[in-house]
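Let me begin by presenting the structure, written as structure tokens, before commenting on it.
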Amino acid sequence: HLHLRQPELAAELFADLDDHARAAAIYHEGGYLKRAAFQYAQAGDTEQAIQLYIALKQPESAAQLAAESGDIDRAVAIWCDIDNCEHAAALLVAEGRRAEGAALLESNELIHAAAGLWSEVGEMEKAGQVFERANLWADAAQCYAQAGLTIKAAQAYFLAGEARQAADLYLKAGKPQKALKIYVQLQSYRSIAEVYKQQGQWQKAGQAYLAA
């Protein structure tokens, strides 16, 4: 009769006896959903607990429980459902799934966060590729430059509208003709002269110096 008259007290007693499944069922039947969810989790019925937390509009608790139980993909899905993809990505990274975390952030247009996952481990080329796919050329150029990819950096700087920086990098990379073409567009005669001088074309170098 105790169960019928005082379900809450009965559930507490069963919980004290480590009969969490029975305590959960009583709480659930009595409408004590938060307590029921906790007891389901204690009893190892993670799925039922997750469903109750979601019904209670407590998705953070649901996601945390899913992660603690080892169901990382379920936790990731729950975090993304509430627009917290950064937390979802952090879970993936913690599981050694950095590429998936970065892709998740990128697909949700969290471009700088996605690139940051690569740059924090020194993968500057991959960070640059993230920025490139988003047409963030100046950011891509900086990453490629840090990665030592001079020509890719030059291309990205040019697309970013930073033509002089692009030309300087082309020259550094041993591509004087590409650099020269840009310097001509910029009417940067001193730079044109320097390129011609490096190539031993003294007459053209002199003409460019005069034009400057």
Computed magnitude of the charge dipole of the range 32-91 (debye, nearest 20; Cβ of K, R +1, Cβ of D, E -1): 300 debye
Alpha-carbon centroid distance for the pair the range 128-198 / the range 105-119, whole angstrom: 25 Å
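With n ≥ 4 as the cut-off for DSSP H runs, can you work out [θ] at 222 nm for the chain, using -39500 (n - 2.57) per run divided by the number of residues, rounded to the nearest 500? Mind showing how you got there, number by number?
Numbers: 17 runs with 166 residues, N = 212.
Rounded to the nearest 500, it is -23000 deg cm²/dmol.
State the volume of the convex hull built on the alpha-carbon positions of the range 65-212, expressed per residue in Å³ and rounded to an integer. Numbers along the way, then the final one.
Numbers: hull volume 12.9 nm³, N = 148.
Hull volume over Cα atoms, normalised by residue count, gives 87 Å³.
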Label-point separation, residue 84 to residue 187 (7 Å along Cα→Cβ), nm: 5.8 nm
Lysines with Cα under 17 Å of residue 197, excluding same-chain neighbours fewer than 8 positions away: 172, 175, 178, 181
Residues of type lysines that residue 34 reaches as a straight line, Cα spacing below 21 Å, ignoring anything fewer than 8 places off in the same chain: 57
Residue 54-residue 109 pseudo-label distance in nm [points 7 Å out on the Cα-to-Cβ vector]: 2.6 nm
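Every number in this text was worked out from the coordinates using simple rules, so none of it is lab data. Nothing here was measured: the structure is a model prediction, and the numbers come from that model. Positions of Cβ are backbone-derived with ideal geometry, glycine not excepted, and every protein chain shown enters the neighbour counts.
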